[in-house]
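For reference, the structure is listed below as structure tokens.
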Amino acid sequence: MLFLDLDRFKIVNDSLGHCVGDRLLITVAQRLQSCLRSDEGDVVARLGGDEFTILLSHIQSVDDAIRAAEQIHQVLKSPFNLNGYQVFTTVSIGIALGTNGYTQAVDVLRDADTALYRAKEQGKSWHIVFDSTMYDRAVALLHLETDLRWALQRQELRVFYQPIVSLVTGNITGFEALVRWQHPQRGLVSPSDFIAIAEETGLIVPISQWVLRESCLQLRQWQLRFPEHKSLSINVNLSAKQLSQHNVVEQINQILQETNLAPSSLKLEITESAIMASPEKAASVLQRLKALGIQLCIDDFGTGYSSLSYLHHFPIDILKIDRSFINRIDSDGDQWVIVRAIITLASNLGMGVVAEGVETMDQLIQLRLLECDKAQGYLFSQPLDSEQASALLASQPFF
Ligand code: C2E
Ligand code: MG
Ligand code: MG
């Protein structure tokens, strides 16, 4: 069973209209038919939208199925002339073999579809043969998703706080809020294991709102309890999905009001790739957040593939230098030069800098020589729960 899906079909529909889109589907279907071995009883079907399935009967081995997929990529290579437009298209293909001991047709379709999904993930115009680890992974992801839906209601999420330290005074100037999931069976789950799936399912929106409210409340509490830390601020990560929400600014503003926190105490961290996912939309959201008095940071700076020209188009206050540049700054001359260039760039653009992932004293010494403003990392502290973070605030500065 071959499960096919046209790559970027939506772009054809959206730009050239549905009539051209329909013509494309018809022409693709004709080319697919030309790949069938009618004497063997092969069948092609359009499942819906831009999805096609092909049932190959009487094949000897997986190689025959792969050859068929390669032939399909080949016949779709030449351009399509549709109502005066020339269009190119490619397909991704998932392959499931009947030798897997299936008892129901829908299971074959499901597995071919799973393989298709993997083919899409690995770049378009590709084909992949299903194997059972894909099924296990899909089931594990589904469980994770179901559990995550409950996590908020069951109050299993926790916010941890990692101090951000002034390299001039050694004082804690603020914390970055980092979410954790206290899973009843799996223990403390790191955000890298669930943020991506939360993004994909949209659960990131309620999760982020909860994280933001929780951390604003916590910061307000600290500001009141430790008057000597009244200018303490909180950094909260903003996801790409949130940036594309039409009412994100209103929601953030509402949380600030409810928690009675000054907007200037909040710093939102955004990655370059989140901004570049839709730059115009991001520009408008960031301008409005800025107008509220919130500060904006670029997270993991230097790891995106975007051009630097965006920096002065967006109202950015702080660059957070990615950990990958910091971790060899004491031994690798090239890394040192890059960090120096970022610090100079930030300073010339009137922005602050925070070095992420500082782990050793040598790294700290280099950063101080480079006159980097602030740093965070295991050298100072791991992310802490709120009680441990309170204890840290009550103690002495770092140096
Ligand atoms: P990030 O925003 O770049 O956060 C910094 C990550 O680096 C944290 O990982 C932190 O624990 C880790 N880190 C800090 N210092 C060091 C160090 O010295 N050495 C090393 N090796 N690592 C260090 P964490 O907490 O696992 O978070 C991973 C990512 O998940 C974050 O990267 C952020 O992108 C995302 N994330 C975490 N919480 C949230 C959240 O509430 N919302 C959203 N949207 N994303 C979040
Ligand atoms: Mg961050
Ligand atoms: Mg970061």
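Odds and ends about this structure:
- Cα gyration tensor, region 1-89 - rounded (a/c under 1.5), prolate or oblate: prolate
- Between 0 and 90°, nearest 10: helix 105-121 axis offset from the chain longest Cα axis: 50 degrees
- Fraction of beta bridges assigned by DSSP in the chain that are antiparallel (%, nearest 5): 55 percent
- Global geometry of region 230-325, whether rounded, prolate or oblate, following the gyration tensor of its Cα atoms and the 1.5 cut on a/c: oblate
- Listed by chain and number, the lysines placed with their C-alpha closer than 18 angstrom to that of K290 are K267, K281, K320; residues fewer than eight positions away on the same chain are left out.
- 14 Å Cα-Cα reach of K241 towards aspartates and glutamates, excluding residues that sit fewer than 8 places from it in its own chain: E199, E200, E269, E272
- Listed residues A291, A177, A105, most fluctuating in the chain (Gaussian network, C-alpha, under 10 Å): A105
- Subtracting the Cα-Cα distance of W150 and I66 from their residue separation scaled by 0.36 nm leaves 26.1 nm.
- Label positions at T133 and D334, each projected 7 Å from the Cα along the C-beta direction, are separated by 3.1 nm.
- Stretchable slack from S278 to S166, in nm (0.36 nm times residue separation minus alpha-carbon distance): 37.0 nm
- Ranking of L6, L393 by count of other Cβ atoms within 10 Å, fewest first: L393, L6
- Among Y305, Y161, Y117, Y378, sorting on how many other beta-carbon atoms sit within 10 Å of each Cβ, with the fewest leading, yields Y305, Y378, Y117, Y161.
- Peptides 84-90, 7-13 ordered by average Cβ neighbours within 10 Å, highest first: 7-13, 84-90
- Rounded to the nearest 0.05, the FRET efficiency derived from the C-beta distance between I197 and D39 at R0 = 35 Å is 0.15.
- Sorting F80, F194 by the number of Cβ atoms found within 10 Å of their own Cβ, with the fewest placed first, yields F80, F194.
- With the helix formula -39500 (n - 2.57) applied to DSSP H stretches of n ≥ 4, the chain reaches a computed 222 nm mean residue ellipticity of -14000 deg cm²/dmol.
- Calculated FRET efficiency, A29 to S306, Cβ-Cβ distance, R0 = 41 Å: about 0.55 to the nearest 0.05.
- Whichever lysines have a C-alpha closer than 26 Å to that of K77, once near sequence neighbours (fewer than 8 apart) are set aside: K10, K120, K124
- Potential extension, N253-L224 segment - 0.36 nm per residue separation minus Cα distance: 8.4 nm
No lab work stands behind these numbers, since they all come straight from the coordinates. Keep in mind that this is a model prediction, so the values were computed, not measured. Note that each Cβ is placed from the backbone with ideal geometry, even for glycine, and that neighbours are counted across all protein chains shown.
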